[in-house]
Structure formats: structure tokens, C-alpha cells
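Down below is the structure, laid out as C-alpha cells.
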Amino acid sequence: MTNADGRAIHERTTFRMRYAVAIDIDAPPQRVWSLLCDAGDYPRWNSTVSSLEGEIAVGNKLVLRVPYSDRAFKLRVDEAQAPGADGRARMVWGDGMAAMFRGERTFTLQKRGEGTRFEMSEVFKGLMLPMIAGSLPDFAPHFEAYARDLKKEAEGDEHG
């Protein structure tokens, strides 16, 4: 995917655009997962989220608000696999219609020694992407902030 240095990558073709970030976190996957699954707590630790309403569970709807947009993003939790014995976990949030325009954010966790490799990617695709892409912000700084915030919170002493 990408180096786990917390720096985002951006790839774009005509009908597909992808942002991704990865970072190593000195905390077990279960700790990181618990942060990712507590919607109401996001604004406290995540500077890229103003509010996140709803319960994070497969099939549920979420309403996400971010500081850099007035829009409320209505998402659906398409997948949520908690860390298993191997320390791997995966969650997918989606928005939109596949053929026209769809955004899909994927979170993955992988156990690395005593810690966790966190990866997050978002893929935008569809026939309308060429018309919409210019109006979308550069998500790289937001992805980097998200990864830094998650790392800081998961590694915090009070949560050891």
C-alpha cells in the first residue's frame, strides 16, 4: 500500500481517485479498533471530524461532519470485522451510487509486534468523477492529520 510514515499518497485516473495513509501505532489492534468504532468520541480526539452520528455497525447509517466542509456526509457501514486472533481488522464506509459517483473509505489494522499498522484509504470513482474532481479538496493533509490524531490517542498514557 504505502510506507507507514503517516504521509498520504494520492493517485488519480480519469474515473478513479485514491488517497491513502499508513502509520505504525504503539498500541494493540483492539485499542485502535475501539477508537475507530466509538462514533460519538471522534470529535474529542480527531481534529478532522466535527461530529459523527450513528452507531458504527454493519448496515447502519452514519452522518459525518468535517471542519473543512458545510456538507453532512451520509455514509453506510458496509463492513466491520473486529480484530481476530491474528490482529487483523477491516472496516468500510461507503457513500453514493457505484456507476455515477461513489466514495468508499477503508480502514485496516494489522498487528505488528506489540503494536498496530493502521491503514486508511478512500477511493472515489464513477462516471461523474471527471466533473466533480476539481471541486473536491486535497484530502492528503486531512488523512495525515487523521493518522497522527489516532496514533496520539491510541498511544496515550491514560489508555495504556
Two-decimal ratio, segment 91-153, of alpha-carbon radius of gyration to 2.2 N^0.38 Å: 1.35
Roughly what angle does helix 140-155 make with the longest principal axis of the chain, taking Cα atoms, 0 to 90 degrees, to the nearest 10? 20 degrees
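Let me have the 222 nm mean residue ellipticity of the chain computed from DSSP H runs of 4+ only, each contributing -39500 (n - 2.57), with the sum over all residues rounded to the nearest 500.
Details: 4 runs with 32 residues, N = 160.
Estimated from H runs of four or more residues: -5500 deg cm²/dmol.
Rounded to the nearest 20 debye, what is the charge dipole size of segment 72-160 about its Cα centre when +1 sits on each Lys and Arg Cβ and -1 on each Asp and Glu Cβ? Don't skip to the answer; put the middle values down first.
On the way: 13 positive and 15 negative charges, 68 e Å.
Dipole magnitude for segment 72-160 comes out near 320 debye.
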Could you tell me the center-to-center distance, by alpha carbons, between segment 49-86 and segment 106-132 in angstrom? 14 Å
Based on DSSP loop calls and a cut-off of at most 15 other Cβ atoms within 10 Å, the longest stretch of the chain free of exposed GluC sites (Glu not before Pro) is what? 56-113
Can you compute the charge dipole magnitude of the chain about its Cα centre, using +1 on each Lys and Arg Cβ and -1 on each Asp and Glu Cβ, nothing else charged? Give it in debye, rounded to the nearest 20. 600 debye
Please state the shape class of segment 1-55: rounded when a/c is under 1.5, otherwise prolate if a/b exceeds b/c and oblate if not, all from the C-alpha gyration tensor. oblate
Measuring from label point to label point, each 7 Å out along Cα→Cβ, what is the residue 14 to residue 61 span in nm? 3.5 nm
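For segment 59-119, compute Rh as the Kirkwood radius over C-alpha pairs and then the Stokes-Einstein diffusion coefficient at 37 °C and 0.692 mPa s; write the answer in µm²/s, rounded to an integer. The partial results should precede the final answer.
On the way: Rh = 13.2 Å.
This corresponds to a translational diffusion coefficient of 249 µm²/s.
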Please name whichever of 136, 22, 93 sits farthest to the positive end of the charge dipole of the chain, dipole taken about the Cα centre and charges placed at Cβ: Lys and Arg +1, Asp and Glu -1. 136
Given the options 83, 59, 49, identify the residue whose Cα lies farthest towards the positive end of the charge dipole of segment 9-154 (+1 on Cβ of Lys, Arg; -1 on Cβ of Asp, Glu). 59
For the chain, alpha-carbon Rg and Dmax in angstrom: 15.3, 47
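FYI, it's all coordinate maths here, none of it is from the lab. Quick caveat, the model's predicted, so the values are computed rather than measured. Backbone-built Cβ (ideal geometry, glycine too); neighbour counts: all protein chains shown.
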